[in-house]
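Working notes, structure below.
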Amino acid sequence: MALNADKYLPIDDTSVPTGELADVAGTPFDFREPHAIGERIGALKQEPHKTKGYDHCYVIRRRGDGLELAARVKEPTSGRVMEVYTTEPGVQLYCGNFLGGGAGEGGFKQHEGFCLETQHYPDSPNKPDFPSAVLRPGQTYRSTTLHRFSVDK
């Protein structure tokens, strides 16, 4: 997977962003070049991160207001590719940190799946330096996310 992001939002013990925009360089959060999602996930369980895995918002590197590539994921065996484009400022990477393999979870165990959720930064109303997520009466909210699927052998 590759993410079009130079920064991510560190989280506190309750998984709420701290308000900092941290550089991904030199961390297990760096997906600027493609990496297998599970390749460095173990490092997140240790200090200074102490999380169960990825559940972090990435700040999309933008060139304008339109659709921007947020993520590109390639399944190596089949060559299936998913690209995610969005007008949102962030993309949340979540990797099934709390899955336990039960029937209500589709039988999936921890880290056996992932989600890419385009969004505004979590907790934006409480973080004045984050892009505003406030919608005033009479305003219209518009957002576009495009998933493009292909095969790359």
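Mind checking which strands (runs of 3 or more DSSP E) fall wholly inside segment 1-86 and carry at least 1 residues that are more than 22 Å from residue 120 (Cα to Cα)? Lay out the reasoning, then the answer.
Numbers: elements: 5-8, 55-60, 68-74, 80-86.
It comes to 68-74, 80-86.
Hey, residue 61 hits all of (1) in contact (Cβ under 8 Å) with a residue 24 or more places away in the chain; (2) under 30 Å from residue 151 (Cβ atoms); (3) surrounded by 16 or more Cβ atoms within 10 Å (Cβ to Cβ) but one; which does it fall short on?
Answer for residue 61: the failing condition is (3).
Name the pairs whose Cβ atoms lie under 7 Å apart, with the first residue in segment 94-119 and free of Cβ contacts under 8 Å to residues at least 60 places away in the same chain, the second among the acidic types (Asp, Glu) and open to solvent by 80 Å² or more (accessible area, probe 1.4 Å), and 6 or more positions between them or separate chains?
Taking only residues 6 or more apart or on different chains, the pairs are 96/112; 99/112.
For the structure I just gave you, tell me whether residue 146 is touching a strand residue (DSSP E or B) at 6+ places or on another chain (Cβ under 6 Å) and either buried (at least 17 other Cβ atoms within 10 Å of the Cβ) or in a helix (DSSP H, G or I) (or both). Talk me through it step by step, then tell me what you get.
Details: touching a strand residue (DSSP E or B) at 6+ places or on another chain (Cβ under 6 Å): yes; either buried (at least 17 other Cβ atoms within 10 Å of the Cβ) or in a helix (DSSP H, G or I) (or both): no.
Judged against the criteria, residue 146 is not a match.
Filter segment 87-111 for residues that are assigned to a loop (DSSP other than H, G, I, E, B) and surrounded by fewer than 15 Cβ atoms within 10 Å (Cβ to Cβ) and give the result.
Narrowing segment 87-111 to residues assigned to a loop (DSSP other than H, G, I, E, B): 87-89, 95-99, 101-102, 106-108, 110-111.
Answer for segment 87-111, where residues must be assigned to a loop (DSSP other than H, G, I, E, B) and surrounded by fewer than 15 Cβ atoms within 10 Å (Cβ to Cβ): 98, 101, 102, 106, 107, 108.
Between residues in segment 133-150 that are within 20 Å of residue 115 (Cβ to Cβ) and residues that are part of a loop (DSSP other than H, G, I, E, B) and of a type in the set (Val, Ile, Thr), which pairs lie under 8 Å by C-beta distance while being six or more apart or on different chains?
Between residues of segment 133-150 that are within 20 Å of residue 115 (Cβ to Cβ) and residues that are part of a loop (DSSP other than H, G, I, E, B) and of a type in the set (Val, Ile, Thr), the close pairs are 143/87; 144/87; 145/87.
What are the residue pairs meeting all of these: first residue in segment 69-84, first residue modelled with pLDDT of 95 or more, second residue aromatic (Phe, Trp, Tyr) and open to solvent by less than 30 Å² (accessible area, probe 1.4 Å), Cβ atoms under 9 Å, and 6 or more apart or on different chains?
Listed pairs, sorted by first residue: 70/58; 71/31; 71/58.
The values are calculated or read from the model by the stated rules, or taken from the named source; none is laboratory data. The structure presented is a predicted model; accordingly, all values stated were derived computationally and were not measured. Every residue, glycine as well, gets a Cβ built from its backbone with ideal geometry; the counts of neighbours run over all protein chains shown. Ligands, DNA and RNA are excluded from the accessible area calculation, which covers all protein heavy atoms including side chains. Shrake-Rupley method; radii C 1.70, N 1.55, O 1.52, S 1.80 Å.
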